[in-house]
Amino acid sequence: MNRPVFLNTLGLVCAPGAGRHQVRAALFAGTPSGVAPSDDFAARTLHVGQVTSPLADMEVLAPPLRSRNNALLLTALADIRSEVDAAIARFGPERVGIVLGTSTSGIGESETAMVAHAAHGALPPSFHLRQQELGSPAMALSGLLGLAGPALVISTACSSSAKALASAARLLRAGVCDAVIAGGADSLCRFTVAGFSALESVSEARCNPMSVHRRGINIGEGAALFLMTREPGPVRIAGWGESSDAHHISAPEPGGRGALAAMRAALKRGGVAPSDVDYVNLHGTATPLNDAMESRAVHALLGGDVPSSSTKPLTGHTLGAAGALEAAFCWLTLTDNPAGLLPPHWWDGEPDPALPALALVPAGYSLGRPPRYALSNSFGFGGSNAALLLGCA
């Protein structure tokens, strides 16, 4: 079955805000927001993309499913709950699936519990080992909504939730589901900050993607959820591409061949020429190796004139949630945007002369017409690459 698959509605929460309206305003604003200095996650002050909006009450979940990760998901779900409930009533609980991406799940809760154990000799009574299960987000939403369809979590590092959207599209095209709640969530914790710090990949200042002065990432947190169906909606997932480099456990393949293959596959599946792409949301982590390989791949496929930006200076790198969150930014760019405003690329404006030049979006830039297609890139550890092509319905 090759019928179109639509992203009917969107709920999200991230460092710049909660809900479509607040995040849209931050996304197209003339000054950057979201990422801010904090000393909560390391022995030094770092810029992180911490969510400060109120989160949903976790009392609706069983104790083993209570985590900040799942609270972020519930907050995103609240935005689209009425549409989700209507889809369940329309199709039946056995025909509605869940596909999510994450990398942390409830590791933060385990981290806090270990600190308490070291101080007091016992784990806190609120701690359950199941909180850190990678399947916890899908179990939480499926149980809360009373669903009986497929419920799964994909964990492929930073490509996780982009691959979740692609998997959801396949379930719908195959007729396995009539609706899928798809997206991802990841939450800040000291564990991930320490891990990326050990790789010397963390920047103390706001990250500076594509700059000659780039020094690494800011870790962030957030959640984005789409209700996906074959029923017409404002945005469709026109194509997707996935590839695997198997080049190195943490470093990308320098030439960007896997990234290029994923982008090419997304355009081919969508039947879209490179010249039809109006905007690229770059993976854009601001690490020396990622930005180098991505700029080569994007330039090889699209040339240097397609408007592009990394939104990670607003959100931080939300790891397993990044693919869904940045697809959400493309969704916002493709909807209710007659002037074609594009998300700015926040950086110091000093390009790396060793990289192919890209058309990085300045603040206030617009196409002067509604955008048609947006491409979103997500590249994870181990060379797990995913590209999503979103188009106006």
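The table below lists the values:
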read-out: Residue within the range 112-134 that is within 28 Å of PHE381 (Cα to Cα), at pLDDT 95 or above, crowded, with 22+ Cβ neighbours inside 10 Å and of a type in the set (S, T, N, Q) present; value: no
read-out: Cβ pairs under 6 Å, 6+ apart, first in the range 151-172 and under 22 Å from ALA246 (Cα atoms), second in a helix (DSSP H, G or I) and basic (Lys, Arg); value: ILE154/LYS163; THR156/LYS163
read-out: Hey, VAL48 assigned to a strand (DSSP E or B), under 16 Å from the mean Cα position of the chain (by Cα) and not hydroxyl-bearing (Ser, Thr, Tyr) or not; value: yes
read-out: Residues (farther than 16 Å from SER309 by Cβ, modelled with pLDDT of 95 or more and of a type in the set (S, T, N, Q)) located in the range 370-393; value: ASN385
read-out: Selected residue [assigned to a helix (DSSP H, G or I) and farther than 29 Å from GLU294 by Cβ] from GLY143, GLY149, GLY175; value: GLY143
read-out: Matching residues, the range 47-73, being touching a helix residue (DSSP H, G or I) at 6+ places or on another chain (Cβ under 7 Å) and hydrophobic (A, V, I, L, M, F, W, C); value: VAL51, LEU55, ALA56, MET58, VAL60, LEU61, LEU65, ALA71, LEU73
read-out: Filter result (of a type in the set (Lys, Arg) and under 19 Å from the mean Cα position of the chain (by Cα)) within the range 199-223; value: ARG206
read-out: Any hit, the range 320-340, residues being touching an Asp or Glu at 6+ places or on another chain (Cβ under 8 Å), farther than 28 Å from LEU199 by Cα and not in a loop (DSSP other than H, G, I, E, B); value: no
read-out: Qualifying position, being under 28 Å from the mean Cα position of the chain (by Cα) and either assigned to a helix (DSSP H, G or I) or at pLDDT 95 or above (or both), among THR104, THR75; value: THR75
read-out: Cβ pairs under 8 Å, 6+ apart, first in the range 269-295 and within 15 Å of GLY380 (Cα to Cα), second among the β-branched types (Val, Ile, Thr) and surrounded by 24 or more Cβ atoms within 10 Å (Cβ to Cβ); value: LEU282/VAL298; GLY284/THR311; THR285/ILE217; ALA286/ILE217; THR287/ILE217; ASP291/THR285
read-out: Answer from LEU260, LEU325 - the residue that is in contact with a strand residue (DSSP E or B) (Cβ under 8 Å, 6 or more places away or on another chain), under 26 Å from VAL202 (Cα atoms), aliphatic (A, V, I, L, M) and touching a residue at least 40 places away in the same chain (Cβ under 8 Å); value: LEU325
read-out: Leading residue by the ranking (surrounded by the most Cβ atoms within 10 Å (Cβ to Cβ)) among those in the range 355-381 that are of a type in the set (Gly, Ala, Ser) and over 20 Å from the mean Cα position of the chain (by Cα); value: ALA359
read-out: Qualifying residue in the range 153-170 (condition: more than 22 Å from ALA328 (Cα to Cα) and either more than 21 Å from the chain's Cα centre (by Cα) or not polar (S, T, N, Q) (or both)); value: no
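The values are calculated or read from the model by the stated rules, or taken from the named source; none is laboratory data. Bear in mind the structure is a predicted one, so any value in this text is a computation, not a measurement. Note: ideal-geometry Cβ built from the backbone for every residue, glycine included; neighbour counts use all protein chains shown.
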